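The values are calculated or read from the model by the stated rules, or taken from the named source; none is laboratory data. Predicted model, so just to flag it, every value in this text is computed and none were measured. FYI the Cβ positions are ideal-geometry reconstructions off the backbone, even for glycines, and counts take in every protein chain you see. Side chains included, ligands, DNA and RNA excluded: accessible areas come from the protein's heavy atoms. Shrake-Rupley method; radii C 1.70, N 1.55, O 1.52, S 1.80 Å.
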Amino acid sequence: MKKIKIALIGAGFIADYHARGLQTIPEVEIVAVVSKNIENAERFATKYGIEKAYNNIASLVEDNTLDAVIISTPNQFHAPYAIAFLEKGKDVFLEKPMAINGNEGKQIAKVANEQSQLVMVGHMWRFDADMQYIKETVLSGKLGKIFKTKGYGIHENWGPSGWFTKKELAGGGALADMGVHAIDAVRYILGDPMPIKVYARISTEFGDYNVDDTGILIITWDNGTESIIESGWWHPHMDGPEASTSLFGTKGYANLFPTYLKMKNGEDAITTVPELPKRDEHCDQIIYTRQMEHFVSCIKNRKQPVPGLVEGQTVLDIVDAAYTSAKTGEVVNLS
């Protein structure tokens with residue numbers, strides 16, 4: 001069986017999850033890893049038994065035996081690296097957010113479509129069992145019309161450092177880092193509606209950096225649902241962990257993380273907790289492994305991954321609209 005040859009671009013925290021996931025797939029060979037610091041690349045290569053380590057992408061871009069890359073770099077490099085590999089016939093997996101802004105996302109899509117290459121975006125919560133259960137419940141109609149949701153992407157008493165806090169590298173702060181999880185999570189649960197309006201209040205309250213660490217968004221979807229999204233670093237409290245979402249329906253209520261349903265029964269409400277797989281940690285390895293399995297399956301079958309270009313671009317458009325709204329104080333129309 002011919003191996004699918006994949007290279008990892010970036011050797012930071014999230015790359016470990018991708019490497020572990022890829023190593024469970026028999027038809028995959030991780031052939032190289034890239035880090036701007038060659039010592040980091042070599043250390044990562046040794047850890048996972050990867051043959052080649054580089055400190056730039058030049059050799060891999062020209063490698064005709066390479067099938068695909070996993071890009072887990074600072075956001076600034078997502079678009080230029082993705083475009084470089086797509087132009088040379090490689091499929092691309094991009095960590096979230098897909099790019100530093102919506103215009104760069106459109107550039108990636110243009111090249112991918114021109115070259116007939118695949119792009120997947122790392123909105124990994126779509127592969128979580130609890131989330132899929134809540135999505136199925138919502139789409140079944142048991143909760144009635146979902147008229148309001150609340151979602152969270154907040155770090156409690158903690159926040160990142162390094163490139164995450166530099167606007168030129170990250171594009172934004174907690175919204176671009178954490179809020180995107182809550183945005184894509186609720187969109188997935190609701191059946192991927194399109195945003196028509198965004199209003200946001202965004203600020204920096206906790207750090208001496210040029211990005212945001214506090215945000216509140218209101219998104220109006222084309223199905224009539226209104227979604228409140230909260231993003232943040234260093235907050236003294238969070239109402240739920242990353243991607244936690246509450247959904248308010250005309251017939252009942254659902255909560256994701258912790259996952260349960262509260263259904264109307266006359267004047268009473270009945271709370272039910274489904275039997276779901278035990279979690280080893282909140283962001284469990286299995287989510288990332290399923291994500292890699294989907295990417296590899298799409299490479300084999302030449303099928304556009306989901307989440308991919310459309311899902312990644314939609315999140316970017318919402319984030320761009322939120323920053324514009326926060327700056328102007330006005331609602332931004334996307335329809």
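One table, with the values for the structure above:
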{"read-out": "Members of the stretch 32-53 that are surrounded by 19 or more Cβ atoms within 10 Å (Cβ to Cβ) and either outside any loop (DSSP other than H, G, I, E, B) or among the aromatic types (F, W, Y) (or both)", "value": "A32, V33, V34, A41, F44, A45, A53"}
{"read-out": "Qualifying residue in the stretch 128-151 (condition: small (G, A, S), in contact with a Gly (Cβ under 7 Å, 6 or more places away or on another chain) and closer than 21 Å to A326 by Cα)", "value": "no"}
{"read-out": "Residue match in the stretch 97-107 (condition: part of a helix (DSSP H, G or I), under 21 Å from K36 (Cβ atoms) and either modelled with pLDDT under 95 or open to solvent by 10 Å² or more (accessible area, probe 1.4 Å) (or both))", "value": "yes"}
{"read-out": "Residue check, T165 under 20 Å from the mean Cα position of the chain (by Cα), of a type in the set (S, T, Y) and modelled with pLDDT of 95 or more", "value": "yes"}
{"read-out": "Filter result for A84 (part of a helix (DSSP H, G or I) and modelled with pLDDT of 95 or more)", "value": "yes"}
{"read-out": "Any strands (runs of 3 or more DSSP E) falling wholly within the stretch 239-311 and containing at least 1 residues that are of a type in the set (A, V, I, L, M, F, W, C) and in contact (Cβ under 8 Å) with a residue 60 or more places away in the chain", "value": "245-249, 252-256, 260-265"}
{"read-out": "Failed item in (1) open to solvent by 80 Å² or more (accessible area, probe 1.4 Å); (2) out of contact with any Leu (no Cβ under 8 Å at 6 or more places or on another chain), with K251 passing the rest", "value": "(2)"}
{"read-out": "Hits in the stretch 316-329 (condition: over 16 Å from the mean Cα position of the chain (by Cα), closer than 19 Å to S227 by Cα and open to solvent by 10 Å² or more (accessible area, probe 1.4 Å))", "value": "Y323, T324, A326, G329"}
{"read-out": "Lone unmet requirement of (1) over 25 Å from K327 (Cβ atoms); (2) out of contact with any Gly (no Cβ under 6 Å at 6 or more places or on another chain) for K251", "value": "(2)"}
{"read-out": "Residues (out of contact with any helix residue (DSSP H, G or I) (no Cβ under 8 Å at 6 or more places or on another chain) and either open to solvent by 50 Å² or more (accessible area, probe 1.4 Å) or under 12 Å from G151 (Cβ atoms) (or both)) located in the stretch 222-233", "value": "D222, N223, T225, E226, I228"}
{"read-out": "Filter pass, L66 being out of contact with any Lys or Arg (no Cβ under 6 Å at 6 or more places or on another chain) and either assigned to a helix (DSSP H, G or I) or at negative phi (or both)", "value": "no"}
{"read-out": "Every residue from the stretch 15-31 that is open to solvent by less than 40 Å² (accessible area, probe 1.4 Å) and either farther than 18 Å from E62 by Cα or in a helix (DSSP H, G or I) (or both)", "value": "A15, D16, Y17, H18, A19, G21, L22, I25, E27, V28"}
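This table checks each residue for (1) within 23 Å of the chain's Cα centre (by Cα); (2) surrounded by 17 or more Cβ atoms within 10 Å (Cβ to Cβ).
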position: L261; (1), (2): no, yes
position: P277; (1), (2): yes, no
position: I299; (1), (2): yes, yes
position: Q304; (1), (2): yes, no
position: T314; (1), (2): yes, yes
position: V331; (1), (2): no, no
